[in-house]
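Take a look at the structure below.
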Amino acid sequence: MTTPPDLAIRLRRASFNRALAQTDLRTIEMLLARDAILVTGTDSAVLAGRKAQMLAWRREFAAAERLVYTRTPDSITASTVEPIAMEHGHWQGVLAATGELKASGVYTAKWRQSGEDWLIEAEIYLTLA
């Protein structure tokens, strides 16, 4: 039985969130498409490609005051003509040591099905607080 796209993507997002909390670079890498693009929420920096994102996460995980980011999907819309979907949701970053909220906002992510797996192709973040 095939998992519906909405559920499959929500499960993959939950895996990504756990990987961020546990500094699990291997899982993060497995969830990103090779050419994945991320546009940051505050300064709109563009991280192009899985390698660039992995370098950024390594730096983030080594930070003295590391933030733990959580993305929470509000909606997922799957295409009926291509193996792609859009996720819209809200995110937050809290200090790993204390849980204090340091930043939050909204995001959109584009996913593509590759075999049985869904991979993140692009993410755009907007910082609101």
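Bear in mind that the values in this text are calculations on the coordinates, not laboratory data. Just so it is clear, the structure is predicted and the values come from calculations on it, not from any experiment. Here Cβ is always computed from backbone atoms with ideal geometry, including for glycine, and neighbour counts include all displayed protein chains.
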Worksheet entry | Principal-axis tilt of helix 50-62 within the chain, Cα atoms, nearest 10 degrees | 30 degrees
Worksheet entry | Helix 5-21 axis, angle to the chain major axis (alpha carbon atoms, nearest 10°) | 20 degrees
Fill in: From the coordinates shown, Rg and Dmax of the Cα atoms in Å corresponds to which of [x] 15.7, 58; [y] 14.9, 47; [z] 14.2, 46
[z]
Item to complete: Within the set of other residues whose C-beta is less than 13 Å from the C-beta of SER15, count the net charge using Lys and Arg as +1 and Asp and Glu as -1.
Response: +3
Worksheet item: GluC sites (Glu not before Pro), restricted to segment 1-67: which are DSSP loop and have at most 12 other Cβ atoms within 10 Å?
Response: GLU65
Item to complete: Please get the size of the charge dipole for the chain, origin at its Cα centre, with Cβ charges of +1 on Lys and Arg and -1 on Asp and Glu, quoted in debye to the nearest 20.
Response: 300 debye
Fill in: In sequence order, calculated HN-Hα J values of segment 75-92 (Karplus, 6.51, -1.76, 1.60; Hz; x Gly/Pro)
8, 9, 10, 9, 6, 9, 10, 9, x, 9, 8, 10, 10, 10, x, 10, 9, 8
Item to complete: Using +1 at the Cβ of each Lys and Arg and -1 at the Cβ of each Asp and Glu in the chain, identify which of LEU119, ALA64, LEU101 lies farthest towards the dipole's positive end.
Response: ALA64
